Amino acid sequence: MAEIFAYILHKDGKADDTAYELINAAAKIDPEAPVTAVVAGSGSELDSACSEAAKIYPAVWKIDNEALAYVNAEAVRPMLVNIIPKGAVLLLPHEHFGMDLAPGLSIKLDAAYLPDVVDFEGVEGSTLNAIREEFSGMVSTHVAADLSGGVVVTVRPGAFAPDEDAAASGEVVDKSGDAGAAPALMRRYLETLVAEVGEVDITKSEILLSIGRGIEDEENLEIVFDLAKVMGADVSCSRPIVDAKWLEKSRQVGTSGQTVKPKVYIACGISGSFQHLGGIKGSPFIVAVNKNPKAPIFQAADVGVAADILEFLPELQEAIEELKG
Amino acid sequence: MEPVIVSPGMLLPTQILALLIPLAGVGIFAYIIARRVAPLVRAKPDFRFDRIAARLKNVLKLWLAQYKQPRYMLAGVLHILLFAGFLILSIRSISLVILGFHAGFVFPGLDGAAGHVYHVLKDYAATMVFVVAVVAAIRRGIFKPARYAVPEKYGKDHTGEAILVLGLIAILMVSESLFDASKAAAQQQAGVEVMLIAPGSLAWIFKQWLANSSDGTLQGLHMVSFFVHDLTFFFFLCFLPLGKHFHVITSIFNVFFMKLDKGSVKPVRWGVGDDQLDDLETFGVKNFEDFTWKHMLDFYSCADCGRCSENCPANAVGRPLSPRFISIKARDYSFKHYPLKGKFAPHEPLIGGIYEEDEIWSCTTCGACEEECPLMIEYIDKMVDIRRGMVDEGNVPQSLQKPLMAIEKRGNPYGMMEKKRAEWTQEEAFKEELSVKILDGKKEQADTLYFVDSISSYDDRIQEITRSTARVLAAAGIDYGILGKTEKDSGHEVRRFGEEMLFQELRDQNTEAIVNSGATRIVTADPHAFNALVKDYNGLPPVEHISQTLARAVAGKKIRLKPEEDDSRIYTYHDPCYLGRHNGIYDIPRQVIDAIPGIRRVEMDRCRDRSFCCGGGGLMLFYEPIEETRMGKLRVEMAKEAGANVIVTACPFCMVNIEDAIKTSGLEGEMTAIDLSELIDRHLER
Amino acid sequence: MEILVCVKRVPDSSENEIEVKGDGTDIERDDLVYSVNEWDNYAVEEAIQIRDKVGGTVTVASVGDEETEEVIRREMAMGADNGIHLMDDAFEGSDGKGLATTLKALVEQGSYDLILTGAQADDGAGQVGGMLAAMLDYPFASLVNLIEVVDDKKIKVGREIAGGNQEMNEIDLPCVLSIQTGINEPRYVGIRGIRKVASVEIPVKGVSDLGIDAGVVGAAGAKVKRLDYFVPELGEGAEMLEGSTEEIIEKLIELLKAKGGIK
């Protein structure tokens, strides 16, 4: 059986949530296969990320290179080509870095590429069977990848449960030498422009009242802000609301916005794209209000109400006001 | 006999001067007009020489009789008085000019008794005009009605110009009166026969006041007042084309050439047929010169009175549109690029120049501005033309691109499948009660085609209205059917949002489907579809709005209505723009409502041709305007103020906007909206 | 600047549900309306804007059957200068790598400074751009939401990364970028625009024109194959509150209070 490698994202010395998910994704491919974490970066932040990875993975490969202080897919790619054995399975998270690195890496490894996988059905002979979604999750497909030359897989964040125990005690092996020197870069990182923090920091909110397309019109925002006020909640939103410029970017929940962990998350008129769900998976209690009872948000929510938010929210507000006297 | 006073026409030097002033004045005026006409010559064609009788009738009613003026009572009456005075005094002023070099000149026909009558008339006219000018100046200078204010972004205030012109008018009246008064006073002192001066008039007051003045003073006043009048008159004439008072000259032409077909949309280019449109290099209005000459004349004719903007719903909700400044900004553009002296400036694009994109998309084409304009200035065709230019450049907001593409691909703005167009007939309860024929002209035939259109086919809430319409049609014993999936969006807003070619495709497809259906009459419950079929389509069987069908059914006792049971309900009827203003159907829907025994109905302040647009239909539902509040919200408040708690509409878009406004205004439970078809359906005696 | 934009024709799924055929071999396509992939449309708009600023040409290429010509034409109506239709039976069943191989052959026939793709498609996963760049040894950036031309050797590129932040990079030309929605406001293409380019010749190229071996593209060369379509079984999902609005609200408030959802 092929070896499995998991590419670990990390920031400020801490492993990304996906590091805990890829180990379970690997287990779904083949519970018997050896799994090695690959962590690239530089300096003490890299070391602490490696120690964290060692708690999750039985083996950790470290690539330490000053050129990777800000990890650039173009710099990492040849190093991975140098160390990943032929025929291996390499898992990466399907997010902005994975999307930069994985397709080109598959070419350089002459491996198959399976993008945005949500589940695996295991290995059959020299085929890896996986499940993908198409058309915003309206349909799913079974896909088969030829494993003989190895496979690069990007795994959808949140699709696999995280490893809660993190009870491994992996050994960190320094592969920096084998990985080789950094190439001359044709793409050079300049800086990160941080999104302006708005009036509220929704990542710190305990209660979030979040709105999506169901709000229909900018003026209806008032309804939500009024309710938020009586509940003591902050208002967040899904991407279309920011695209329409009705709320500032800093209020956007989802993979291209903020990841939030409130005690209670109330999704109002949000259908629940996977990008949005990716931003709320840490919420212990999710309420969804949507007039379409088939909306995917109800799959992710704990409690659902099938109602038009424009009618439902004002009534809810009235009831809460009454309660509070 | 020695004359008691020497008039300018008696002495050679003053005669020469009095001849030079009009020569120079007329010369300068002719030059200015020639410069002003320059852009009109470069403009696009406009066919306005047809139906002369109708046009002359409009001139009599709207220009001479100032029919629209009293819609604003104080300003209107002041204007009528001023206008009437001007008409009377124009003869006097011209004869006065001629008197300067031709002593004793009298217009043919104005000697003798007629002359006396005219003289009295002109004395009072001058007095009246003087008083009106003073009152108007006080109103403009001290009370400053809000409607004249110019928001900073639109340009400079014109109060100064208004006061100046009123001052000039006052000077003309005073000098004209002094000219006669000084002569009459001199005659009185000399004991000769005193010329006729109307008692109590301005001239009469001056005459009394000058009774004891010396000969020299009177002679001086006589001469000076003549030349003051002469100079002021020609200064005034040449000043008119420089600003908003150009309307004094252009109004008669503007009314004569006014648009005669309300609710229609002008062709892309006059004289270019639909089949030749592909050959046009460019579409719509992108530069000032792309306007038609009549539209430029509109700009010149704007009196900056602000009535359009005061009635414009887009302006009322704080959208970046004020129709008045559509005209004024274009007029100023014209003045700047076609200056009185020097070379004409090269043209600059209108969008991003004098107009903003959102300004142009903000218009719901409700027609309130055009209804109000005393000068019959057109706005909708200009909006459509500018939008055509923007569509041609690809400059369309993202929020409108989606529904437009969906209409192109699927025939409806929602992108729903064609086969679902008749799904409203499949609702469980309805299906058991009625089956609606889908006309194909062969197996399934009917006399009447019910043209449903997109919103009534696909929108969940509006489908209820659609089913009510079907039920009342059946109750009235009408043999009807629908087109089903061969029906496309009527294209009413597609056309008015500037996508002419897409509209034409829809029109052609619908026309073919309608003709193939074999129906001999068409009925629709959607005023937008109604207006499209009547004004934008050709070669169709007669088209009716459901309110007309219902009125006939009620009058012919085809349907019987139960009395209104709930006496707490007070109804008010909201005139949909495309039924009312654009098609003049005001009374018929009211008759239908009032046919319900015991129903109580009140009128809103803004009703009939002053109805306030609910927010617009068709593509306007998709547009995301910049606004402070919503039109529907204001409309619901108006209904509330009128004491109503049920708003009756006769348009699906009004229903969407008004129900939405009731929700967002927190008036649920207090206020409801119902469509005319639903109201009748509910009161059907079955 | 010579710009190549790779576009794809996809079914528009925004308003109508995508349904799977009974045997799972495909989705129900009869009633679907196709258009250009939304992300690709942003890429074409971006290319046109860059060309209008710095000069050059925009070429739109698409791999697909006869119907694909329609989307190429639409993008030309937007303002692209040239269209290339890559059509060959051999392309059928291509995986991402097969498409990238085809496009690589096309790129090598021209001299493009900038190659754009959409960041993703409804029925894809945003892989072709990165693969193409690796095959050509060009630099690549995904999820691009800003492009600034610095000079004819390099550009500045912004990428959409987590937290709403933007990662700025300098990239040497030639390069491949995958474009994220929102980078611009694509212009409208009306019927008139499409009619204007209705008779423009769009060259069709197959494997032999591109000089590629039919065995490396299409189903023959695919390492990844879609086996079927299915509708995933839904999990348990949320506990749906039922009853009258008052009852629902009462239950919801109870739950919210218990979970700390009302302060």
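The values are calculated or read from the model by the stated rules, or taken from the named source; none is laboratory data. Bear in mind the structure is a predicted one, so any value in this text is a computation, not a measurement. Quick reminder, even Gly has a Cβ in these numbers, built from the backbone with ideal geometry, and neighbours come from all protein chains shown.
Could you look through region A:216-244, keep only residues that are out of contact with any strand residue (DSSP E or B) (no Cβ under 7 Å at 6 or more places or on another chain), more than 9 Å from every other protein chain (Cβ to nearest Cβ) and closer than 21 Å to B:Pro625 by Cα, and pick out the one that is surrounded by the fewest Cβ atoms within 10 Å (Cβ to Cβ)? Checking each candidate, the answer is A:Leu221.
Across region A:69-93, the qualifying residues are those that are at pLDDT below 95 and in contact with a Ser or Thr (Cβ under 8 Å, 6 or more places away or on another chain), and the one among them that is farthest from the other protein chains (Cβ to nearest Cβ) is A:Ala69. Within region C:209-230, the set of residues being surrounded by fewer than 17 Cβ atoms within 10 Å (Cβ to Cβ), in contact (Cβ under 8 Å) with a residue 24 or more places away in the chain and either touching a His at 6+ places or on another chain (Cβ under 6 Å) or more than 11 Å from chain A (Cβ to nearest Cβ) (or both) comprises C:Gly211, C:Ala214, C:Ala219, C:Ala220, C:Asp228.
Checking each residue in region B:649-686 for being within 28 Å of the chain's Cα centre (by Cα) and either more than 14 Å from B:Met638 (Cβ to Cβ) or assigned by TED's automatic domain parsing to the domain that holds B:Phe530 (or both) picks out B:Ala650, B:Cys651, B:Pro652, B:Phe653, B:Met655, B:Val656, B:Asp675, B:Leu676. Could you tell me whether A:Gly149 is within 22 Å of A:Ala184 (Cα to Cα) and either surrounded by fewer than 22 Cβ atoms within 10 Å (Cβ to Cβ) or in the same structural domain as A:Leu22 (by TED's automatic domain parsing) (or both)? It is false that A:Gly149 is within 22 Å of A:Ala184 (Cα to Cα) and either surrounded by fewer than 22 Cβ atoms within 10 Å (Cβ to Cβ) or in the same structural domain as A:Leu22 (by TED's automatic domain parsing) (or both). In the condition set (1) at the interface with chain C (Cβ under 8 Å from one of its Cβ atoms); (2) under 18 Å from A:Pro296 (Cα atoms), A:Gly158 is compliant with all but (1).
One line per residue, one yes/no per condition, for (1) surrounded by 15 or more Cβ atoms within 10 Å (Cβ to Cβ); (2) free of Cβ contacts under 8 Å to residues at least 12 places away in the same chain; (3) among the basic types (Lys, Arg); (4) out of contact with any Asp or Glu (no Cβ under 6 Å at 6 or more places or on another chain):
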{"residue": "B:Gln426", "(1), (2), (3), (4)": "no, yes, no, yes"}
{"residue": "B:Phe430", "(1), (2), (3), (4)": "yes, no, no, yes"}
{"residue": "B:Glu433", "(1), (2), (3), (4)": "no, no, no, yes"}
{"residue": "B:Gly441", "(1), (2), (3), (4)": "no, no, no, yes"}
{"residue": "B:Ala446", "(1), (2), (3), (4)": "yes, no, no, no"}
{"residue": "B:Ser454", "(1), (2), (3), (4)": "yes, no, no, no"}
{"residue": "B:Asp460", "(1), (2), (3), (4)": "no, yes, no, yes"}
{"residue": "B:Arg471", "(1), (2), (3), (4)": "yes, no, yes, no"}
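Each row is one residue, and each column tells you yes or no for (1) buried (at least 16 other Cβ atoms within 10 Å of the Cβ); (2) within 11 Å of chain B (Cβ to nearest Cβ); (3) of a type in the set (Phe, Trp, Tyr); (4) under 18 Å from C:Thr181 (Cα atoms).
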site: C:Lys21; (1), (2), (3), (4): no, no, no, no
site: C:Ala47; (1), (2), (3), (4): yes, no, no, yes
site: C:Gly55; (1), (2), (3), (4): no, no, no, no
site: C:Glu69; (1), (2), (3), (4): yes, no, no, no
site: C:Glu75; (1), (2), (3), (4): yes, no, no, yes
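In a residue-by-residue description of region A:158-180, the property of being closer than 30 Å to A:Leu247 by Cβ, of a type in the set (Gly, Ala, Ser), surrounded by 15 or more Cβ atoms within 10 Å (Cβ to Cβ) and touching a residue at least 12 places away in the same chain (Cβ under 8 Å) applies to at least one position. Got at least one residue in region A:226-240 being within 19 Å of the chain's Cα centre (by Cα), in the same structural domain as A:Glu315 (by TED's automatic domain parsing) and closer than 30 Å to A:Ala27 by Cβ? Within region A:226-240 (the criterion being within 19 Å of the chain's Cα centre (by Cα), in the same structural domain as A:Glu315 (by TED's automatic domain parsing) and closer than 30 Å to A:Ala27 by Cβ), the answer is no, since none of the residues qualifies. Considering region C:121-181, the qualifying strands (runs of 3 or more DSSP E), each wholly inside and each with 1 or more residues that are in contact with a Gly (Cβ under 9 Å, 6 or more places away or on another chain), more than 9 Å from chain A (Cβ to nearest Cβ) and among the β-branched types (Val, Ile, Thr), run over C:140-149, C:175-179.
Is it the case that some residue within region B:645-655 is within 14 Å of chain A (Cβ to nearest Cβ) and either of a type in the set (Val, Ile, Thr) or in contact with an Asp or Glu (Cβ under 7 Å, 6 or more places away or on another chain) (or both)? No, because not a single residue in region B:645-655 is within 14 Å of chain A (Cβ to nearest Cβ) and either of a type in the set (Val, Ile, Thr) or in contact with an Asp or Glu (Cβ under 7 Å, 6 or more places away or on another chain) (or both).
Only residues that are farther than 12 Å from B:His347 by Cβ and within 27 Å of the chain's Cα centre (by Cα): list them for region B:275-290, please. Hits for region B:275-290 are B:Phe283, B:Gly284. Of all the listed residues (A:Ile270, A:Ile286), the sole one being assigned to a strand (DSSP E or B), touching a helix residue (DSSP H, G or I) at 6+ places or on another chain (Cβ under 8 Å) and not assigned by TED's automatic domain parsing to the domain that holds A:Val155 is A:Ile286. Just one residue in the set B:Arg608, B:Arg630, B:Arg635, B:Arg686 is surrounded by fewer than 21 Cβ atoms within 10 Å (Cβ to Cβ) and touching a residue at least 40 places away in the same chain (Cβ under 8 Å); that residue is B:Arg686. Among the residues of region B:347-404, the ones that are assigned to a loop (DSSP other than H, G, I, E, B), more than 14 Å from chain C (Cβ to nearest Cβ) and among the β-branched types (Val, Ile, Thr) come to 4 in all. The residues of region B:638-669 that are in a helix (DSSP H, G or I), surrounded by fewer than 23 Cβ atoms within 10 Å (Cβ to Cβ) and among the charged types (D, E, K, R), listed by number, are B:Lys640, B:Glu641, B:Glu659, B:Lys663.
Confirm whether A:Ser256 is surrounded by 22 or more Cβ atoms within 10 Å (Cβ to Cβ), at the interface with another protein chain (Cβ under 10 Å from one of its Cβ atoms) and without any contact (Cβ under 8 Å) to a residue 40 or more places away in the chain. So A:Ser256 fits the description; yes.
Applying the selection to region C:202-256, what residues are charged (D, E, K, R) and farther than 30 Å from A:Pro284 by Cα?
Of everything in region C:202-256, those that are charged (D, E, K, R) and farther than 30 Å from A:Pro284 by Cα turn out to be C:Lys205, C:Asp209, C:Asp213, C:Lys223, C:Lys225, C:Arg226, C:Asp228.
Of the residues that sit in region A:266-277 and are free of Cβ contacts under 8 Å to residues at least 60 places away in the same chain and more than 9 Å from chain C (Cβ to nearest Cβ), which one is farthest from A:Glu219 (Cα to Cα)? The qualifying residue farthest from A:Glu219 (Cα to Cα) is A:Gln275. For the structure I just gave you, tell me whether A:Ala130 is under 29 Å from A:Gly257 (Cβ atoms), more than 7 Å from chain C (Cβ to nearest Cβ) and more than 16 Å from the chain's Cα centre (by Cα). Against the criterion (under 29 Å from A:Gly257 (Cβ atoms), more than 7 Å from chain C (Cβ to nearest Cβ) and more than 16 Å from the chain's Cα centre (by Cα)), A:Ala130 qualifies. Report yes if B:Lys144 is under 27 Å from the mean Cα position of the chain (by Cα) and not hydrophobic (A, V, I, L, M, F, W, C), otherwise no. It is true that B:Lys144 is under 27 Å from the mean Cα position of the chain (by Cα) and not hydrophobic (A, V, I, L, M, F, W, C). Counted as qualifying within region B:425-520 are the helices (runs of 4 or more DSSP H) with 1 or more residues that are within 29 Å of B:Val268 (Cβ to Cβ), namely B:454-458, B:492-496, B:500-517. The set of residues in region B:511-556 that are charged (D, E, K, R), within 19 Å of B:Phe653 (Cα to Cα) and in contact with a strand residue (DSSP E or B) (Cβ under 7 Å, 6 or more places away or on another chain) contains only B:Glu544.
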